[in-house]
1. On the principal axes of its Cα set, how long, how wide and how thick is the chain? Give whole Å, largest value first.
2. Can you bin the stretch 260-329 into rounded, prolate or oblate? Criterion: square roots of the alpha carbon gyration tensor eigenvalues sorted a ≥ b ≥ c, rounded for a/c under 1.5, prolate for a/b above b/c, oblate for the rest.
3. Hey, if we sort HIS200, HIS181 by accessible area with the 1.4 Å probe, largest down, what's the order?
4. Accessible area per residue for the chain in Å², computed with a 1.4 Å probe and the full protein assembly in place, what is it?
5. Mind putting a number on the dipole of the stretch 56-196 about its Cα centre? Charges go on the C-beta only, +1 for Lys and Arg and -1 for Asp and Glu, and I need it in Debye to the nearest 20.
6. Of the residues GLY367, GLY180, GLY246, which exhibits the maximal mean-square fluctuation in a Gaussian network model of the chain defined by a 10 Å Cα contact cut-off?
7. Measure off, as a whole percent, the carbon and sulfur share of the 1.4 Å-probe accessible area of the chain, all protein chains present.
8. Rank-order 151-164, 37-50 by packing density, defined as the average count of other C-beta atoms within 10 Å over each peptide's residues, highest first.
Amino acid sequence: MKRSGLLLLFLLIAGLCCQGSLAAEIEITAPGEQTIPLALTRFLPQEGAAVPAVAEELHAVLAADLDLAGMFRFIDPAAFLGDAGRVGLFSTQVDFAQWRLLGAEVLVKGTYSVQGDQLTVEARLFDVPNRRLLTGRRFVSRVQDLRRIAHAFADLVLKELTGNPGPFDARIAFISSRTGHKELWLMDVDGHNPIRLTDHRSIVLNPDFSSTGKELVFTSYRAGNPDLYRKEIFTGAEARIASYQGLNIAGRYAPDSGTLALTLSRDGDPELYLLGRDGSLRKRLTSSFGIDVDPSWSPDGRQLAFVSSRLGSPQLFILDLTSGATRRLAASGKYDATPAWGPQGDRIAFSRQEGGRFDIYTIRPDGSDERRLTFGPGNLEHPRWSPDGRFLVYSSDAGGKKALYLMRADGSGGRRITAPGGDASHPAWSPVW
């Protein structure tokens, strides 16, 4: 897979934003806490003939991303007035009085043009009460990159209004059995454009992205043993980096991507170890009765959350890498699994089995403020955070086959993102692409 095949997207700043922003007036601290009235207009043809399919898809992707964000209340398009059908993209060309009359506080307008295989999109975000442009961008790429353009502008909208970019122009790695074998796949955050990365014709598990998003580690039974592999996404280069006898599983990159934490059973019990990126053995981290597995790094790289059966059943623990001290994280729960430390450092997501099935929870690193986010149906497992901490991706078998779902960090807004066809599990969200 070539980098140009995935990332041919030229982003050109279309204009300077006015000083200040709506974010200074509307404080957004979490999805769903406060909603901003948003008017999302259809993108209009700028040059040449109209291509309704392009306008429709741009609108659909933007609407889905901004709806998932949980920050907006959409103004009914049936109420739009004449300005919605005019191309004007400068503040002096926008009839702010019309949009104010409809109650809109932010307005999205845009245009597109198609010339052969080239697509040009101009997108603008306006502050209606203050009659000004908040941000704008010109995208020049291929027609097949249309969805990426919409995702990139949705990220820009969230950055302008919250100070942090959105996670939609990223990728999710996952395991799918749609070919008859569990292979490693890559897809857009909304489930579109799935691409198979491995052809091991065996069992592949537990992918994890490096901090740059340019490579992945995963476990594969290709050689008859659960070995750890590293794969460069854009070149396709692949190497087996840990093949000790027994388990080489659940590899996780440190925040600097120079070190990996994983479980090895080379010395008997499955324990946590540190490896270099090349697979060189650095250090054994745990030595306890029972299984230690599923490490997850704190954002500062100083601690690991993990699962251990040292007290009899799988429970969550925190390991301080400086002192070596280990403490139990969650006081309740008899069967916890797959912790994922959030990128802001303030919460850890995990799955817990109660009543014979798994649900998703989060907890603070000090063990306080435990929150249950899901209530079935089915088993909801393997939560992983978006790079901005606003969302979680996870697997669910509620429909019989395992599929991947997204939800906001408070448990709201859940939606399926993988299409039918085989099981889909073990997701990992890349850094913004």
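1. So the three principal-axis extents are 72, 46, 41 Å.
2. Oblate, because a/c is 1.5 or more while a/b does not exceed b/c.
3. Ranked list, largest accessible area first: HIS181, HIS200.
4. 41
5. Once rounded to the nearest 20, the dipole reads 240 debye.
6. Among GLY367, GLY180, GLY246, the largest GNM mean-square fluctuation belongs to GLY180.
7. Here it works out to 49 percent.
8. 151-164, 37-50
The values are calculated or read from the model by the stated rules, or taken from the named source; none is laboratory data. Predicted, not measured: the structure shown is a model, and the values here were computed from it. Because the Cβ atoms are built from the backbone with ideal geometry, glycine has one as well, and the counts that use them run over all protein chains shown. Surface areas here come from the heavy atoms of the whole protein model, side chains and all, with no ligands, DNA or RNA. Shrake-Rupley method; radii C 1.70, N 1.55, O 1.52, S 1.80 Å.
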